[in-house]
Amino acid sequence: MSKKYYWLKLHRDFFKRHDIRIIEGLENGKDYLLFYMKLLVESVDHEGELRFSETIPYNEQMLATITNTDVDHVRSAVKVFTEL
């Protein structure tokens, strides 16, 4: 049984982007960025989408569970990501 590996490409200046720096500077900002990175990794297997299945999108509790992130941080992070 062979393992399948994927590459997640980020621009070299990813952590220098203004939006990323703004998020990082927030209270719990580093937790938000870790959550964001976990979402990116999760989406690799699903062609860039965050869905449990074809018809069921993840909700906040599901995202908290699969990323091992506090649900309150998930709510706050999603709000920040949406605003930026």
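The values are calculated or read from the model by the stated rules, or taken from the named source; none is laboratory data. Bear in mind the structure is a predicted one, so any value in this text is a computation, not a measurement. All Cβ positions, even for glycine, are placed from backbone atoms using ideal geometry, and neighbour counts span all protein chains on display. These accessible areas exclude ligands, DNA and RNA; they are computed on the full protein's heavy atoms, side chains included. Shrake-Rupley method; radii C 1.70, N 1.55, O 1.52, S 1.80 Å.
Things worth noting here:
- Taking every protein chain into account, the accessible area of the chain amounts to 82 square angstrom per residue (probe 1.4 Å).
- Reach of Lys79 by Cα under 12 Å, taken over aspartates and glutamates that are not fewer than 8 positions away in the same chain: Glu60
- In percent, rounded to a whole number, the relative contact order of the chain is 24, using alpha-carbon pairs under 8 Å and six or more apart.
- Length added when fully stretched, Leu34-Ile56, from 0.36 nm per residue minus Cα-Cα: 5.5 nm
- Dipole-positive endmost among Asn28, Asn68, Val41 within the chain (Cβ charges, Cα centre): Val41
- Helical runs (DSSP H, four residues minimum) scored at -39500 (n - 2.57) apiece and divided by the length of the chain put the mean residue ellipticity at 222 nm at -16500 deg cm²/dmol.
- The gain in end-to-end length when the Ser43 to Lys3 segment is fully stretched comes to 12.6 nm, 0.36 nm per residue minus the alpha carbon separation.
- Each Lys or Arg adds one and each Asp or Glu subtracts one; over the other residues with Cβ under 12 Å from the Cβ of Ile20, this totals +1.
- Distance distribution P(r), the chain, all Cα-Cα pairs, bin width 5 angstrom from 0: 3, 13, 22, 23, 20, 12, 5, 2, 0 percent.
- With a cut-off of 15 Å between beta carbons, the residues surrounding Ser53 carry a summed charge of -4, where Lys and Arg count +1 and Asp and Glu -1.
- Evaluated with a Cβ-only charge set (Lys, Arg +1; Asp, Glu -1), the range 1-64 carries a dipole of roughly 400 debye about its Cα centre, given to the nearest 20.
- Spacing of the two label points (7 Å from each Cα toward its C-beta) at Phe81 and Glu27, in nm: 2.2
- Fluctuation leader among Leu40, Leu50, Leu26 - the chain, Gaussian network, Cα springs under 10 angstrom: Leu26
- Solvent-accessible area, 1.4 Å probe, carbon plus sulfur percent, for the chain: 53
- For the range 27-84, chymotrypsin sites (Phe, Trp or Tyr not before Pro) meeting the loop criterion (DSSP other than H, G, I, E, B) and having at most 16 other Cβ atoms within 10 Å: Phe52.
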